[in-house]
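Presented below is the structure to which this report refers.
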Amino acid sequence: MMVSGRIFLAMSLDGFVAREDHTLDWLDKQQVEGEDHGYEALMASVDGLIMGANTFRKVMSFGRWPYGKPVVVMSRSLSAADAPQGLRDKISFTPVSPPEAMAELGRKGWRSAYVDGGRLCQAFLTERLIEEMTVTIIPIILGRGRRFLPETAGDIDLKLISSTSFPSGLAQCRYLVLNSSGASA
Ligand SMILES: NC(=O)c1ccc[n+]([C@@H]2O[C@H](COP(=O)([O-])OP(=O)(O)OC[C@H]3O[C@@H](n4cnc5c(N)ncnc54)[C@H](OP(=O)(O)O)[C@@H]3O)[C@@H](O)[C@H]2O)c1
């Protein structure tokens with residue numbers, strides 16, 4: 001079974017997902033109480049998350065694990081011992097490539113996965129493992145930081161499904177990734 005990869009992330013207008021030191025203060029200050037950006041709906045639609053090692057480290061720093069669904073951390077440097085004891089049944093680690101990770105999850109019965117992290121999203125997009133991508137633009141220019149898509153080899157064609165603006169000033173575009181291995185387009 002082919003697993004459909006989904007991206008859902010927020011970036012500054014100049015394309016950064018975090019400051020150099022991984023802080024997200026610029027993102028937090030834009031969160032408007034009660035405004036629904038579709039995060040819960042996305043979470044409900046996936047079997048679990050696949051995240052990069054840096055995103056995992058950041059989430060760990062929150063002091064509270066926010067996910068109910070299984071999380072697979074892609075890393076060559078982290079292992080099971082890096083997950084807190086109480087969460088070892090929810091978090092797993094793998095050093096394999098994105099196609100291998102998706103194939104493994106497909107064998108476990110996953111149908112869709114939320115792929116998170118700047119460099120990891122880039123790797124999954126390049127491998128054509130992403131079917132759908134929702135990008136929310138935060139009304140701020142950071143000037144420097146960690147890029148959403150540092151560099152991709154060749155063009156990746158997208159089809160706009162919807163664009164929405166929110167009273168808070170956030171602008172959200174949802175795209176279908178053309179020619180992805182899971183997409184029907
Ligand atoms: N704005 C948003 O919506 C949003 C969303 C998610 C994350 N963030 C933030 O953005 C920052 C993300 O940083 P990032 O882009 O540097 O990290 P990332 O994608 O979360 O993690 C990158 C790390 O994942 C591991 N990895 C394993 N397989 C990989 C592969 N095929 N390709 C690339 N990496 C692979 C590598 O670590 P090893 O050396 O351990 O193998 C690599 O250094 C974090 O601060 C996070 O909190 C923001």
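Overview of results
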read-out: Separation of the residue 88 and residue 126 label points, Cα + 7 Å toward Cβ, nm; value: 3.4 nm
read-out: Simple spin-label estimate for residue 40 and residue 161 in nanometres, 7 Å along Cα-Cβ; value: 1.9 nm
read-out: For peptides 114-124, 45-55, sequence by mean Cβ density within 10 Å, most packed first; value: 114-124, 45-55
read-out: Extension gain, residue 67 back to residue 107 (0.36 nm per residue minus Cα-Cα distance, nm); value: 12.2 nm
read-out: For the chain, the longest site-free run once GluC sites (Glu not before Pro) in DSSP loop states with at most 16 other Cβ atoms within 10 Å are removed; value: 36-126
read-out: Cβ crowding within 10 Å averaged over residues, with 163-173, 58-68 ranked highest first; value: 163-173, 58-68
read-out: Alpha-carbon centroids, segment 1-15 and segment 76-136: separation in whole Å; value: 12 Å
read-out: Tally of Lys pairs whose C-alpha atoms are under 19 Å apart, taken over segment 4-177, 8 or more apart or cross-chain; value: 6
read-out: Cα-only radius of gyration and Dmax that characterise segment 4-177, units Å; value: 15.8, 43
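Just so you know, all these numbers are worked out from the coordinates, no wet-lab data involved. On a predicted model such as this, the values are computed, not experimentally measured, just so you know. Virtual Cβ from ideal backbone geometry, glycine too; neighbours counted across all protein chains shown.
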